[in-house]
Amino acid sequence: MSKAIPEHADLMRAARQNGHYSGAISIARMPRFAEYLASREGQVDVDIRLGTDEHNQAFLQGTANARVQVLCQRCMQPMWHDMQASFRLLLLDSEYQLEGLQDDVDAIVLNEVPTSLYNIVEDELILGITLVPMHDEAQCDAASYMHDEHQSREPALDEDKVSPFTVLKDLKIDG
Ligand SMILES: [Zn+2]
């Protein structure tokens, strides 16, 4: 059975015990991540498992599903935006262990024990931020505005307006 996400945990110990944490973290508890957002409303559903791999190396892996408010980069209105981050990190006791790791392996050095799980999740969410979030075009104020503007530039079919072509035709008839 999973436990609620503790703010801090002894991750090496949790890895030896095959720990499993699952629960929600409020966006308000992640101030660095919140700086990228339009508000501190919303939460992150987090699921984290810890264990040791075949090399007896401790790891943490998990997913974070966030529902957050961001500014649409087209109309600059707030919008709800779903984000997902998934991550797997080797847990290291010291910086020295970073040497020799393959490039595609992510790792975290546990300088502080207990370690902040909130910080780890927050870092992963910041890495996954979409640079240019936008409404779907159908829901975006700016998109419908641009659409209207585009239409008004199309040739007018208004019969009251006399086109140069019509004038030329009349001249021909008169002459
Ligand atoms: Zn928009």
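Any chance you could run the full-extension gain for Asp53 through Ile126? It's 0.36 nm times the residue separation minus the Cα-Cα distance, nm to one decimal.
23.6 nm
For the ranges 99-106, 51-58, 72-79, 85-92, what's the packing order if you count other beta-carbon atoms within 10 Å of each residue, average per peptide, and put the highest first?
Sorting 99-106, 51-58, 72-79, 85-92 by mean packing, highest first, produces 85-92, 72-79, 51-58, 99-106.
Rounded, prolate or oblate, given the Cα gyration tensor of the range 20-64, with a/c below 1.5 counting as rounded?
Working: a/c = 4.59, a/b = 2.64, b/c = 1.74.
It comes out prolate by the Cα gyration axes.
Averaging the inverse of every distinct alpha carbon separation and then flipping it gives the Kirkwood radius. What is it for the range 1-141, in angstrom units?
Roughly 16.3 Å, rounded to one decimal.
With each pseudo-label sitting 7 Å past Cα toward Cβ, what's the Asp104-Trp80 distance in nm, one decimal?
3.6
Taking H as built 1.01 Å from N, whose amide H comes closer than 5 Å to the amide H of Asp106, not counting residues under 5 places away?
Those qualifying (amide H under 5 Å, at least 5 residues apart or on another chain) are Leu90.
Could you check the simple spin-label distance between Ser116 and Ala142, using points 7 Å along Cα→Cβ, in nm with one decimal?
Using points 7 Å along Cα→Cβ, the separation is 3.3 nm.
Every number in this text was worked out from the coordinates using simple rules, so none of it is lab data. Quick caveat, the model's predicted, so the values are computed rather than measured. All Cβ positions, glycine included, derive from the backbone under ideal geometry; neighbour counts span all protein chains shown.
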